[in-house]
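Chemist: After the structure tokens below, expect a handful of questions from me.
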Amino acid sequence: MQKHNQKEHLYKLLVIGDLGVGKTSIIKRYVHQNFSPHYRATIGVDFALKVLNWDAETVVRLQLWDIAGQERFGNMTRVYYREAMGAFIVFDVTRPATFEAVTKWKEDLDSKLVLPNGKPVPTVLLANKCDQGIDVLMNNGIKMDQFCKENGFVGWFETSAKENININEASRCLVKHIIASESDPVQSIEPDIIKPHLNSSKIVSCSACFKS
Amino acid sequence: RLEEVPLEVLRQRESKWLDMLNNWDKWMAKKHKKIRLRCQKGIPPSLRGRAWQYLSGSKVKLEQNMGKFDELDLLTGDPKWLDVIERDLHRQFPFHEMFVSRGGHGQQDLFRVLKAYTLYRPEEGYCQAQAPIAAVLLMHMPAEQAFWCLVQICEKYLPGYYSEKLEAIQLDGQILFSLLHKVSPVAYKHLSKQKIDPILYMTEWFMCAFSRTLPWSSVLRVWDMFFCEGVKIIFRVGLVLLKHTLGSSDKLKSCQGQYETMERLRALSPKIMQEAFLVQEVIELPVTERQIEREHLIQLKKWRETHGELQCKSPPRLHGAKAISEAEPAPRKALEPVPSIIVSPGPAPVPKARKSKEKSREKGPASPANGPGAEGNGAPGTTRELLHPQVSPHHQSKESLSSRESEDTYL
């Protein structure tokens, strides 16, 4: 039974990344709690809905948009990205090339989509197929933290759709940042990162400086 | 649920089809309407693969290019494409017995066909949506035949669908939407209000020719008609599905939001996809090639205004078996007197000029006469630059065909 004073949030989340990194598998695991090696390649876009009981007062409904990974479908991403509130960018830890493509996906996303307050949408990086035991990229967590900071990811997770590792955690992380950015649209949600260009008062004082 | 055709009827149909296949050129020239009718009734399963090759002109294409597939088959291919193709091999009809085992015959042939295409059209490479198309073909014919059939689909039926920028499919999305306005104003209004861009629901439908959308028996019936009548069938199927999913206020009650609407279009009601119902609706829907071409011009103009020139220039599409056979007659046919039914009232010298080019480009792979636009393997470099469907000789003959066709109801 739903409580009468329950709040409901609806977020559109994108799941993007190179072909075959496991975007569809992550979504199926998250939404249907299962895994199959027999998913069809996504042509265009696919959808799924996940309902989260966020806390006692809040229900979060997530529309997950599963976007085809082949480069040429990138010509349609502007339509797919429209009005999304957050994103996962996925790569395959066993294929370094898919990690190299991560910044390309991030740039594509940021160039085509900003939040109503002008900021980029919160994005979480997923290092998928971590069950495969090939940990080339992951043995240095500090490096990954650094990478995320430099490229504007709010966090990163080693995930496995096959073994159900960290997918719920990654999603909670993303939703947490979306809620935070919604309730506090001006201030940065990461207090340790200084973004002077977002501070309007500084610009004013600057231009005042310039005038005097 | 499969529609059972009584065995007796099936045997009759088979012998009728055998007669047609054995006298194909004659049937094509004189009794095209009868072929169309028989495609609408469904091609007998035992002859389907052969019939598709005749209809698409891939049989002629193969004969004109003997050994070409084997030649491509021996080449290694660009690793960039091989990597992507290999990642897709186990993801096509993964539960079909032909494709179920990794490295099995089905997957091997799929690899060969898709790889050969990237070598045949290096500037197009591989698009993921080609894999299901090739897989359906391989269920009906050997790899070499499937390859040429795929070539015909990519170049004649759906030109530009799989090339780099995916512009042709986006244009067709706009055409579909515009046609929907006439077919089902209610569905059109709803999708407009929800701001649902056509590419959100029609990309997979059209690029895979509904092979991943409809129940299997319906896929085959749709493909039978598609090979005969061309892209019109794809548009009609799309319009029928939209109309019966979103076409009344009653149906719209349960899809108030954008997401609900898209969910509904993704999980279509089995009732409207059922073979007999769908095929009948598609046959009856009054959407013609002429309408599609007219809308194509309108949308192309709009596209140029908003996006600039098209970046991938495709040859004009040919609306089905008749148009293809007229545009690419078998070499020996050129010696025969031209049947009067092909004669076009349009600019007379154009088809002739084209024919001679056709011949010259079949001669050798690296003909320098083809110019910089040619890829060196028989690409119609000249037709590729033709953007305006109305200036194309194909469409001239097609228009005259459809008006003529409406007259010869005696067939």
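Chemist: Using the structure shown, list the pairs from B:Lys189/B:Lys232; B:Lys165/B:Lys253; A:Lys28/A:Lys112; A:Lys12/B:Lys165; B:Lys33/B:Lys59 with a Cα-Cα distance above 32 Å, or answer none.
Modeler: From the list (B:Lys189/B:Lys232; B:Lys165/B:Lys253; A:Lys28/A:Lys112; A:Lys12/B:Lys165; B:Lys33/B:Lys59), the Cα-Cα distance tops 32 Å for B:Lys165/B:Lys253.
Chemist: Now for a different question. Output ³J(HN,Hα) for the range B:275-281: one whole-Hz value per residue in order, computed from phi by the Karplus curve 6.51 cos²θ - 1.76 cosθ + 1.60 with θ = phi - 60°, and x for Gly and Pro.
Modeler: 3J(HN,Hα) across the range B:275-281, in whole Hz: 2, 5, 4, 4, 4, 4, 4.
Chemist: List the residues, sorted by chain then number, that are 5 or more residues from A:Phe47 or on another chain and whose placed amide H is less than 5 Å from its amide H.
Modeler: A:Asp66
Chemist: I would also like to ask the following. Between A:Ile165 and residues 5 or more places away or on another chain, which pairs have amide H atoms under 5 Å apart, with H built 1.01 Å from N, and which residues are they?
Modeler: Amide H neighbours of A:Ile165: A:Ser160.
Chemist: A further question follows. What list of ³J(HN,Hα) values in whole Hz, one per residue of the range B:249-257 in order, does the Karplus curve 6.51 cos²θ - 1.76 cosθ + 1.60 (θ = phi - 60°) give from phi, with Gly and Pro shown as x?
Modeler: 4, 5, 5, 7, 4, 8, 10, 6, x
Chemist: Rank these by accessible area, largest first, 1.4 Å probe: A:Tyr30, B:Tyr188.
Modeler: Ranking A:Tyr30, B:Tyr188 by accessible area, largest first, yields B:Tyr188, A:Tyr30.
Chemist: Using a 1.4 angstrom probe on the protein heavy atoms only, line up B:Arg48, B:Arg11 by accessible area, largest first.
Modeler: Sorted descending by solvent-accessible area, the residues read B:Arg11, B:Arg48.
Chemist: May I have the extent of the alpha carbons of the range A:5-181 along their three principal axes, as whole Å values ordered from largest to smallest?
Modeler: Computed over the range A:5-181, the largest-to-smallest principal extents equal 48, 35, 33 Å.
Chemist: With a 1.4 Å probe, how much accessible area is buried between chains A and B, both sides summed, in Å² to the nearest hundred? Could the numbers behind the result be given before it?
Modeler: On the way: alone 12190 and 19160 Å², together 28450 Å².
For A against B, buried area totals roughly 2900 Å².
Chemist: Could you run the Karplus curve 6.51 cos²θ - 1.76 cosθ + 1.60 with θ = phi - 60° over the range A:155-171 and give me ³J(HN,Hα) per residue in whole Hz, x for Gly and Pro?
Modeler: x, 9, 9, 7, 10, 9, 6, 5, 9, 6, 10, 6, 6, 4, 4, 4, 5
Chemist: Separate question: Ordering B:His105, A:His32 from largest to smallest accessible area (1.4 angstrom probe), what's the sequence?
Modeler: Details: B:His105 145, A:His32 105 Å².
The ranking, largest first, comes out as B:His105, A:His32.
Chemist: Let me ask another. Which translational diffusion coefficient, to the nearest whole µm²/s, is obtained for the range B:61-152 from the Stokes-Einstein equation, given a Kirkwood hydrodynamic radius over C-alpha pairs, 25 °C and 0.890 mPa s?
Modeler: In µm²/s, the coefficient is 189.
Chemist: Could you pull out every one of the aspartates and glutamates with an alpha carbon less than 13 Å from that of B:Lys313, ignoring same-chain neighbours closer than 8 positions?
Modeler: Straight-line reach from B:Lys313, under 13 Å: B:Glu123, B:Glu124, B:Glu155, B:Glu164, B:Glu167, B:Glu385.
Chemist: Across all directions of projection, what mean area in square nanometres is found for the Cα convex hull of the range B:96-150?
Modeler: Numbers: hull surface 13.8 nm².
Computing the convex hull of the Cα atoms and averaging its projections yields 3.4 nm².
Chemist: Could you tell me the calculated FRET efficiency between B:Thr76 and A:Asn164, based on Cβ-Cβ distance and R0 = 41 angstrom, to the nearest 0.05?
Modeler: 0.55
Chemist: Express in Å², to the nearest 10, the accessible area of A:Arg72 obtained by rolling a 1.4 Å probe over the protein heavy atoms while all chains stay in place.
Modeler: 10 Å²
Chemist: Grab the eigenvalues of the alpha-carbon gyration tensor for the range B:1-64, scale each by 5, take roots, and send me the semi-axes largest first in whole angstrom.
Modeler: Equivalent-ellipsoid dimensions as semi-axes: 22, 13, 10 Å.
Chemist: Right, something else. Take peptide B:166-178, look around each residue's Cβ out to 10 angstrom, count Cβ atoms belonging to other protein chains, and average those counts.
Modeler: 1
Chemist: Given points 7 Å out from each Cα along the Cα-Cβ axis, report the B:Glu284 to B:Ala267 separation in nanometres with one decimal.
Modeler: Using points 7 Å along Cα→Cβ, the separation is 2.9 nm.
Chemist: Additional query: Could you pull out every residue, at least 5 positions away or on a different chain, whose amide H is within less than 5 Å of the one on A:Leu10? Hs are placed 1.01 Å off N in the peptide plane, and Pro or chain starts have none.
Modeler: A:Arg61
The values are calculated or read from the model by the stated rules, or taken from the named source; none is laboratory data. This one's a predicted model, so the numbers in the text were calculated from it and none came from an experiment. So basically every Cβ, Gly included, is an ideal-geometry build from the backbone, and we count neighbours across all protein chains shown. The accessibility values were calculated without ligands, DNA or RNA, using every heavy atom of the protein model including side chains. Shrake-Rupley method; radii C 1.70, N 1.55, O 1.52, S 1.80 Å.
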